[in-house]
Amino acid sequence: MSIDILLVDDDEDLRFALTQLLEDEGYAVEALPGADTLVEVIESRRPGLVFLDLSMEAFDVADTARQLEEKGLLSSSHIVVLSGRDDASEVTREHGFHGTLPKPFDLERLLALVESTLARRRAQGSAHENQVHP
């Protein structure tokens, strides 16, 4: 079963609030407290958008990016980094993620990002499904 959004953040209050907000907007959300199963969840659930906190304890961003790349999931997963780190944009580019949303973030900006990203991904999926295959 696919989901719209995967939210990975060790801040329980933030996970709860964002999950509620996004579900209230009609999105199917799965939230993880850490990145231990991130690769497996992306592989099995195929989220349209992943919000990933860089500052989680025991999180190795380079190893996670490598695993996603090896499984062919990095280019097909739209991963947006949520972070208050000064180097978040650099880390995002270095590891092939799709964008950065600095913490604290504006909820309107977050919702606009979600809407535009998922609409674009649905359109790409529809275009792919409508192709004629011999």
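Read the figures in this text as sums done on the coordinates, not as results from a lab. It should be emphasised that the depicted structure is a prediction, and the values quoted were computed from it without experimental measurement.
For the chain, what's the relative contact order in percent, using C-alpha pairs closer than 8 Å and at least 6 residues apart? Write out the running numbers ahead of the final one.
Working: 179 pairs, mean separation 28.4, N = 134.
The normalised contact order for the chain reaches 21 percent.
If a helix is a whole DSSP H run, which ones in the chain reach 24 Å or further along their own axis (Cα) and hold a mean Kyte-Doolittle hydropathy of at least -0.5?
Working: long enough: 107-129 (33 Å, -0.33).
TM-like helix candidates: 107-129.
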